[in-house]
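Here, each number is a calculation from the coordinates, and none is a lab measurement. In this text the structure is predicted, and so the values were computed from the model without any measurement. Reconstructed Cβ throughout: ideal geometry from the backbone, glycine too, with neighbour counts over all protein chains shown.
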Amino acid sequence: MAKLTIDGVEYEVKDGRTILQALDDLGLLMNGVDVPHYCWHPKLTIDGSCRLCQVEVEGFPKLQIGCNTPVKDGMVVHTKSERVKHAREGVMEFLLLNHPLDCPICDQAGECKLQDYAFEYGVKHARTEEPRRALKKNVDLGPTIKFDQERCILCRRCVRFCREVPKTGELAVFNRGDHSVIETVPGMQLDNPYSMNVADICPVGALTTKDFRFKIRVWFLEEAPGICTGCSNGCNVYLGVANNKVYRYVPRRNDSVNDTWICDVGRMTYEEIGAPDRLKLPAVRSDSGVLEAVPFAKAIDAAAARLRSLVERKGAGVLAAVASAHASNEDLLVLARFLDAYGIRHSGVTVRRGDSDDLLVKAEKAANAEGARTLGFEEAGPLAKQIAGGGIDGLIVLGHDLLDPAYLGGERTLAKLDTVIVLDTHVSALERVAHVILPVRHAAEKDATYVNHAGRVQRSWPVVEPSFEAYADGEVISRLGAALGLPGFDGKFDVREVSRSLGAAAAAFRGIDLESVGEQGIPLAGKG
Amino acid sequence: MVISDAAREKIRAEMAKYPKPEGALLAALHLVQKQTGHISGETAQEIADLFGIHPIRVMEVVTFYNMFYDEPQGRHHVHVCTNLPCSLRGARELLRGLEAHLGIEAGETTKDGRVTLAHEECLGACGYAPMLRVDETYHENLDLAAAKRILDELE
Ligand code: SF4
Ligand code: SF4
Ligand code: FES
């Protein structure tokens with residue numbers, strides 16, 4: 001440990017860190033101690049090229065760059081002195097020499113570090129009369145990213161990102177001095193599974209994603225914390241919300257989960273929230289065989305009636321439930337209670353699998369497969385065989401991963417069933433065989449906890465309200481339990497209360513609930 | 001293959017001299033360019049393969065330095081210094097005169113492929129301004145007539 005004094009306050013910091021790294025470790029960087037910086041990024045190698053992070057270090061005649069000056073025990077640093085302020089003004093003047101006056105038409109405006117620091121440290125008038133560099137304004141770098149060369153301040157963050165994180169290295173600085181430009185080699189595109197992160201780390205409006213650019217001004221967005229549900233990594237994101245609509249995901253830093261990155265596929269899953277194929281209307285299959293939209297309460301009653309009649313004829317032994325790995329711990333706990341109370345013995349969890357890599361992307365394509373296992377749900381493979389073999393007459397199914405080739409490979413085998421009750425967020429082929437359909441909420445529409453692949457419990461918050469009637473799976477099952485008159489079910493679903501009882505259901509959850517999980521999540525007992 | 005086996009041998013020998021083999025990239029580029037005249041995308045790929053690096057790293061270096069070319073060049077390079085001392089002594093007029101004489105602009109190559117004309121920021125011969133470099137030879141204390149004579153004598 002080393003003692004480091006910054007602006008008169010003494011801190012203990014780890015050995016071998018630079019001033020900026022030490023400030024970042026302390027959580028103080030731009031959060032109590034302002035050392036503006038462009039090229040330095042906590043998850044990339046040090047570049048030391050922008051010179052904005054200069055600070056005064058006692059004993060050094062000249063200012064030092066904070067990003068690349070190692071802390072020495074007893075070091076005394078000043079970040080607010082006149083000299084430092086003057087240096088920042090000088091650097092800003094250089095950086096702005098060639099910068100176009102694009103802010104009114106630039107998508108970065110409002111979250112642009114050049115704007116922010118120009119506002120704080122910029123000089124009001126340009127001292128040059130020479131024309132600014134005229135470069136390419138609309139370069140198609142690849143399938144996801146547009147590039148404006150004039151706006152680039154050559155911090156090389158994007159170059160280092162491509163080399164160091166996905167290790168694809170598509171970008172480089174070509175030429176020298178004031179001829180320098182970021183480019184790809186001819187015939188090569190910026191195209192990798194993490195490409196859109198370059199738009200997040202670009203401090204200016206040079207790199208923008210084709211998906212988000214010109215959709216909305218960022219100052220209209222509320223950046224609400226949440227998690228990506230695209231795979232079992234559970235990357236932390238900010239959901240950009242305005243007008244009750246999610247416009248984008250951007251990564252939210254969590255050093256235990258995703259550092260400062262998310263994959264491109266996961267980033268685009270925000271589209272699922274407001275997708276046109278959301279399941280919007282509760283429906284019941286009529287005697288003539290067509291699905292008819294009905295009020296929610298009627299659909300619940302219809303589901304209860306079908307189940308009751310089946311159980312009267314054949315007993316609860318012919319019933320099965322398929323849990324979704326998209327469902328939250330709270331939803332699944334209520335489902336487990338329902339299965340107990342109703343005496344349903346056949347159950348399992350479906351998890352769709354896909355590609356994975358050694359960076360973030362995991363094979364299990366849902367947020368809560370690990371939570372389902374922790375709560376005692378077994379892999380639904382054997383159950384799917386049993387269903388296909390005709391051993392089941394009634395099915396309650398959450399989500400539609402049961403249709404995946406790893407399970408049933410389609411809805412056909414379900415057509416024979418006496419009763420199929422579907423709780424889902426999106427339309428699927430299950431509609432063709434369902435007798436009752438009940439719309440449920442997406443993670444971004446509810447308070448809920450999930451367990452990622454490594455056993456970290458994380459949570460979502462309701463950041464948008466569905467424009468149609470939908471409830472959390474847990475609430476729908478609570479109401480179904482009440483309609484069936486099951487013991488312990490009164491139709492109410494208090495997610496906080498359910499969350500608090502997770503620990504009683506599975507010891508790994510002891511001491512963990514919605515409130516304690518917080519924005520950064522906590523590991524299951526024995527997983528930290 | 002653009003790079004000869006002999007050149008490859010020499011490059012490997014250079015790589016052995018540096019703590020990181022990449023340190024020999026400049027030496028390799030000089031060697032190869034001597035043979036090929038310029039570093040094309042294909043050549044860059046071959047060099048990158050030799051070093052086990054991404055070809056974009058090679059192109060970064062090629063575009064950074066003035067003495068490496070990513071396009072075919074004339075048989076001779078004529079570089080006129082136009083930095084401050086040379087300019088004060090008439091280098092810009094000299095360059096304009098040579099452009100007119102050759103019928104090309106700085107940065108271009110004559111149609112017969114004889115000369116590529118370019119301007120350069122400081123060749124380190126300020127005491128003998130104005131001056132130009134033909135390939136690896138410096139010609140100093142010039143006027144337009146002398147410079148034209150030098151160019152006319154090039155094969
Ligand atoms: S494009 Fe953006 S991230 Fe890349 S060097 Fe330029 S300013 Fe930096
Ligand atoms: S790695 Fe998984 S959790 Fe992370 S962004 Fe991609 S899909 Fe989402
Ligand atoms: S952040 Fe230190 S030089 Fe750029």
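Some observations on this one:
- Segment A:168-316: relative contact order as a whole-number percent, Cα under 8 Å and 6+ apart: 14
- Within segment B:76-152, antiparallel bridges make up roughly 55 percent of the DSSP beta bridges whose residues both belong there.
- Placed amide H near A:Leu395: partners under 5 Å, 5+ positions off or other chain: A:Ala320, A:Thr419, A:Val420, A:Ile421
- Taking amide H positions as modeled 1.01 Å from N, with prolines and chain starts lacking one, the residues under 5 Å from A:Thr69 and 5 or more places away or on another chain are A:Ile19, A:Leu20.
- In degrees, nearest ten, helix B:25-36 long axis to first principal axis of chain B (Cα): 70
- Using alpha-carbon coordinates, inclination of helix B:91-102 to the longest axis of chain B, degrees: 80
- Put simply, the convex hull of the Cα atoms in segment A:355-439 casts, on average, a shadow of 6.3 nm².
- Alpha-carbon radius of gyration plus Dmax, which is the widest Cα pair, for chain A in Å: 27.4, 91
- Segment A:157-236: chymotrypsin sites (Phe, Trp or Tyr not before Pro) in DSSP loop, at most 13 other beta carbons within 10 Å: A:Phe214
- For segment A:9-25, putting each phi into the Karplus relation 6.51 cos²θ - 1.76 cosθ + 1.60 with θ = phi - 60° gives couplings of 10, 8, 10, 9, 10, 5, 6, x, 9, 7, 4, 5, 4, 4, 5, 5, 4 Hz, in residue order, rounded to whole numbers and with x for Gly and Pro.
- Centroid-to-centroid separation of segment B:15-88 and segment A:493-507 [C-alpha atoms, Å]: 66
- Among beta bridges identified by DSSP and lying wholly in chain A, the antiparallel ones come to about 65 percent.
- Ordering B:Gly127, B:Thr137, A:Val436 by Cα displacement along the dipole of the protein assembly as shown toward the positive end leaves A:Val436 in first place; charges were set at the Cβ atoms of Lys, Arg (+1) and Asp, Glu (-1).
- Segment A:88-192: GluC sites (Glu not before Pro) in DSSP coil with no more than 14 other Cβ atoms inside 10 Å: A:Glu129
- Taking a straight Cα-Cα cut-off under 24 Å and skipping sequence neighbours fewer than 8 places away in the same chain, the lysines within cross-link reach of B:Lys111 are B:Lys34, B:Lys148.
- Dipole moment magnitude, nearest 20 debye, chain B about Cα centre, only Lys, Arg, Asp, Glu C-beta charged: 280
- Here A:Asp424, A:Asp490, A:Asp47 are placed in order of increasing Cβ neighbour count within 10 Å, fewest first, which gives A:Asp490, A:Asp47, A:Asp424.
- Inter-part distance, segment A:1-79 to segment A:395-429, computed on C-alpha centroids, equals 56 Å.
- Exceeding the 21 Å Cα-Cα cut-off - candidates A:Lys43/A:Lys136; A:Lys210/A:Lys362; A:Lys137/A:Lys215; A:Lys298/A:Lys492: A:Lys43/A:Lys136; A:Lys210/A:Lys362
- Ranked by how many other Cβ atoms sit within 10 Å of their own Cβ, fewest first, the residues A:Trp461, A:Trp40 fall in the order A:Trp461, A:Trp40.
- Taking the fewest neighbouring Cβ atoms within 10 Å as the starting point, the ordered list for A:Ser347, A:Ser516 is A:Ser516, A:Ser347.
- Cα gyration tensor, segment A:2-95 - rounded (a/c under 1.5), prolate or oblate: oblate
- Treating each Cα of segment A:130-272 as an identical point scatterer and summing with the Debye formula, the log10 of I(q)/I(0) at q = 0.22 Å⁻¹ comes to -1.42.
- Rounded, prolate or oblate (a/c below 1.5 giving rounded, otherwise prolate when a/b exceeds b/c) for segment B:76-152 by Cα gyration tensor: prolate
- Degrees between helix B:55-64 axis and first principal axis of chain B (Cα, 0 to 90, nearest 10): 20
- Of the trypsin sites (Lys or Arg not before Pro) found in segment A:123-160, the ones in coil according to DSSP and having at most 12 other Cβ atoms within 10 Å of their Cβ are A:Lys124, A:Arg127, A:Lys136.
- Aspartates and glutamates whose Cα lies under 18 Å from that of A:Lys146, excluding same-chain neighbours fewer than 8 positions away: A:Asp102, A:Asp107, A:Glu111, A:Glu170, A:Glu183, A:Asp191, A:Asp200, A:Asp211, A:Asp264
- Global form of segment B:5-64, assessed from the alpha-carbon gyration tensor, a/c cut-off 1.5: oblate
- Charge dipole (debye, nearest 20) of segment A:386-471; +1 at Cβ of Lys and Arg, -1 at Cβ of Asp and Glu: 220
- Separation between Cα centres of segment A:86-160 and segment B:105-155, rounded to whole Å: 38
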